[in-house]
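Below is one structure, written out as structure tokens; the observations come after it.
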Amino acid sequence: MAEVIQSSLESFKIKCKHCKTLTNERGEDVQKLRIGGLDGRNQILKGWVDVESFHWKGVEGSFCIMKRDEVELTSCSQKTQVTHLSNPQGNPISWRQLWKRLVCAQLVNPYVLKK
């Protein structure tokens with residue numbers, strides 16, 4: 001399924017790189033894709049797509065989790081150092097629009113579970 005998602009994202013001019021496959025606590029494979037590109041406002045969009053397989057009542061499927069990168073910024077003074085996470089890579093609305101485009105993509109849509 002990760003290959004289908006990757007080819008759909010690449011058709012939207014989003015760069016994808018298959019990074020690694022991990023095993024979660026239930027022993028199922030989780031494939032990680034590194035994605036990046038520009039959103040509709042030409043702002044940087046960077047993050048991860050995790051594709052986790054699952055089995056339920058004889059049905060095989062995948063969860064697709066999209067996460068934005070967050071950059072750690074540090075403010076330093078002579079006495080203290082303050083660290084906080086901010087400057088996420090990409091607008092949350094642009095991430096939602098990307099998710100909607102992915103779900104409606106011709107290759108992905110037949111696999112989307114609908115109520």
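We did not get these values from a lab; they are worked out from the coordinates using the rules stated. Quick caveat, the model's predicted, so the values are computed rather than measured. Cβ sites come from the backbone with ideal geometry, for glycine too, and all protein chains shown count toward neighbours.
Here are some notes:
- Residues in the stretch 20-28 carry Karplus couplings, in order, of 6, 10, 10, 10, 7, 5, 8, x, 9 Hz; the curve used is 6.51 cos²θ - 1.76 cosθ + 1.60 with θ = phi - 60°, and Gly or Pro positions show x.
- Each residue of the stretch 53-69 is assigned a 3J(HN,Hα), and the resulting list reads 7, 8, 10, 8, 6, x, 9, 9, x, 9, 8, 10, 10, 10, 10, 7, 6 Hz, derived from the Karplus form 6.51 cos²θ - 1.76 cosθ + 1.60 (θ = phi - 60°), x at Gly and Pro.
- Couplings for the stretch 101-111, taken from phi via the Karplus curve 6.51 cos²θ - 1.76 cosθ + 1.60 with θ = phi - 60°, read 4, 5, 5, 8, 4, 4, 6, 8, 3, x, 9 Hz in order; Gly and Pro are left as x.
- Peptides 100-110, 44-54 ranked from most to least packed give 44-54, 100-110, packing being the mean of other C-beta atoms within 10 angstrom over each peptide's residues.
- Cross-link partners of residue 32 among lysines, defined as those whose alpha carbon lies under 20 angstrom from its own and excluding same-chain residues fewer than eight positions apart: 13, 15, 17, 20, 46, 67, 100.
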